[in-house]
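A short reminder: the numbers here are calculations on the coordinates, not readings from a lab. Only a predicted model underlies this, so the values are computations on that prediction, with no experimental measurement involved. Because the Cβ atoms are built from the backbone with ideal geometry, glycine has one as well, and the counts that use them run over all protein chains shown.
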Amino acid sequence: MPKFLAWFFTIWALTVIAVMAVAGFRGSMSRRPPIEIFPDMDRQPKLRPQTTTKFSGFADGLSSRLPVAGTIARGSSYADIPENTGRIPGTTNFVEAIPVAINAQLVKRGQERFNIYCQPCHGLQGDGKGITSRFGMGNVANLHQDKLIKTPDGDLFTTITLGKSTMKGYGAQIPVADRWAIVAYVRALQVSHYGSKDDVPADQLSKIK
């Protein structure tokens, strides 16, 4: 065997032995800690989020900033709350009734938001005869039709959020609370549209013209 081949095989054998001594056999188990060539890649100095530390650099001593008000963390239970989605948790079914407290303040807010976002198309009375009807937009829904009266409140909320047919969604413009306020006001409009004198309390009749 030529001398250079002897050297080659000797170096190769020593290299194999060195690798096996360091890395071991593939699939073998060992209780010894692994050799870390660059330990800083595995073990880095860090601060636990939103904990107090003198190294934070912030005036309040927290290691990180608190979430911005109104933001929702990824993976949170946002979709499990009917107030946020208009749906029964774990299903695709709409909630039948508004899942927030209904009072005069909510309806008043709904009227204000309705007149800003909905009235141009649906009209002040909700009959689909808004200003856009003068320009040939005749496919605007009349909110007093029977199928919309029977529609679950969650469906109306979702329509405001995502839109339907030629109506654009207003989820980016109207906050969740205001969407429910609009739904409450739409229900008030429907009640007033089909209401009669007998539905008015006796002490209020004199105030009606």
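Worth pointing out:
- Seen from Gln50, the other residues with C-beta closer than 14 Å to its C-beta sum to a net charge of +2, counting Lys and Arg as +1 and Asp and Glu as -1.
- Ordering Tyr78, Tyr170 from the fewest to the most neighbouring beta carbons within 10 Å gives Tyr78, Tyr170.
- Basic side chains Lys and Arg get +1 at the Cβ, acidic Asp and Glu get -1 at the Cβ, and with that the dipole of the range 82-197 about its Cα centre reaches some 240 debye.
- Spatial separation of Cα centroids for the range 174-209 and the range 68-141, in angstrom: 16 Å
- Positive-end residue of Val183, Phe58, Leu124, charge dipole of the chain with Cβ unit charges: Phe58
- Charge dipole magnitude, Cβ of K and R +1, D and E -1 - the chain, Cα centre, debye nearest 20: 620 debye
- Ordering of 123-130, 29-36, 142-149 by packing [mean C-beta count within 10 Å, highest first]: 123-130, 142-149, 29-36
- Computed over neighbours whose Cβ is under 11 Å from that of Tyr117, the net charge equals +1, Lys and Arg +1, Asp and Glu -1.
- Taking a straight line from the alpha carbon of Lys168, these aspartates and glutamates sit under 20 Å away, with near neighbours fewer than eight places off in the same chain left out: Glu112, Asp127, Asp153, Asp155, Asp178.
- Unit charges at the beta carbon, dipole of the chain: most positive-side option, Tyr170, Asn103, Ile88: Tyr170
- Sorted by Cβ density within 10 Å, fewest first, the residues Met20, Met41, Met167: Met41, Met20, Met167
- For the chain, complete DSSP H runs whose alpha carbons reach 27 Å or more along their own long axis and whose mean Kyte-Doolittle score is -1.0 or higher are 3-23, 176-194.
- MRE, 222 nm, helices only [DSSP H, n ≥ 4, -39500 (n - 2.57), over the chain, to nearest 500]: -11000 deg cm²/dmol
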